[in-house]
Amino acid sequence: MSMGQSLAVANGCRVQLPSREIQLSVKRQSRKTIAIHILSKDEVEVRAPLKCAWREIDRFVDQKMAWIVKAAEECEPAKPPTRYLENSIHRYLGEELRLSLVRGKPAFVGVDNDFIVLRCMDPGNETLVRKHLEAWYRRQAERHLPARIAWLNRLFVDGVNVPRVTVRKMKARWGSCDGRNEVCINSLLMSKSQDEIDLVLVHELCHLRHFSHDKSFYGLLGRVMPDWQAREKALQA
């Protein structure tokens with residue numbers, strides 16, 4: 001990328017590859033360093049300090065271009081947004097179930113064979129349907145997870161008390177531990193299989209014994225759940 005292209009970078013330019021183009025844009029932020037964020041296979045964002053010279057941004061991008069191309073090629077395609085329509089697919093305890101929407105009251109959500117049946121006053125309103133479905137996941141989690149984590153805590157045989165379990169929707173984590181004998185679990189974990197749910201619960205139980213992800217933590221996790229890596233791979237899929 002030449003000096004003459006720096007203004008093109010500022011306004012958004014395209015990097016031509018053999019099979020496609022990559023859209024490259026610059027975002028000014030209150031930060032100290034330049035960073036590159038791969039947004040998708042076709043879109044890359046350069047985040048730069050507010051007063052950083054364009055020639056410095058240009059030089060940085062030029063130096064990183066080989067890495068940008070490689071990282072963009074390896075980027076997983078973005079998943080389509082989840083829909084909340086009749087017959088849309090949703091998971092419960094690892095099973096793929098179709099959503100069956102019914103107009104009426106009172107509001108109701110339950111499993112019937114291969115369907116999640118959801119009744120509400122406006123089943124054509126995806127926002128409302130999503131609200132009812134997520135509330136149902138939370139109720140299921142609050143109903144089932146405390147007893148499950150109590151059972152799993154017995155595997156440790158060390159006298160540490162069963163933690164208090166709270167449930168809420170989380171954007172980026174399946175669970176968290178505050179180090180004070182309390183764990184918080186993402187309500188949407190109920191969409192996962194029992195093996196994956198148990199992994200998250202055992203992971204947080206290990207944090208009650210070893211708060212950091214250190215050698216002792218992973219040693220304990222491996223002893224209590226020898227196949228944790230396979231379960232983690234499934235959870236992340």
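Only the coordinates and a few stated rules stand behind these numbers; no lab work does. Everything quoted here is computed from the prediction, not taken from an experiment. Using ideal geometry, Cβ is built from the backbone for each residue, glycine included, and neighbour counts are taken over all protein chains shown.
For the chain, adding -39500 (n - 2.57) for each run of n ≥ 4 DSSP H residues and dividing by the number of residues yields -12500 deg cm²/dmol at 222 nm.
Of R119, R143, the sequence from fewest to most neighbouring Cβ atoms within 10 angstrom is R143, R119. Here the ratio of the Cα radius of gyration of the stretch 114-237 to 2.2 N^0.38 Å is 1.17. Computed from label points 7 Å out along Cα-Cβ, the spacing between A107 and E56 is 5.1 nm. Placing unit charges on the Cβ atoms only, positive for Lys and Arg and negative for Asp and Glu, gives the stretch 130-236 a dipole magnitude near 460 debye about its Cα centre.
Between K27 and Q229, the modelled label-to-label distance comes to 3.5 nm, taking each label 7 Å out from Cα in the direction of the beta carbon.
Model label points for R209 and S88, set 7 angstrom from Cα along the Cα-to-Cβ axis, are 4.1 nm apart. Note down the net charge around F108, summing +1 for each Lys or Arg and -1 for each Asp or Glu among other residues with Cβ under 13 Å from its Cβ. Net charge around F108: +3. Taking S40, S216, S191 in turn, the Gaussian network model of the chain (Cα-Cα springs below 10 Å) assigns the largest fluctuation to S40. Among the listed pairs K32/K215; K32/K79; K131/K192; K169/K215, those with a Cα-Cα distance over 28 Å are K32/K215; K32/K79; K169/K215. Under a Gaussian network description of the chain, with springs only between Cα atoms under 10 Å, the residue in G159, G104, G219 that fluctuates furthest is G159. When both bridge partners sit in the chain, DSSP labels roughly 55% of those beta bridges antiparallel. Ranked from largest, the principal axis spans of the Cα set of the chain equal 65, 52, 33 Å.
In the elastic network of the chain, a GNM with C-alpha springs shorter than 10 Å, the most mobile of L221, L85, L155 is L155.
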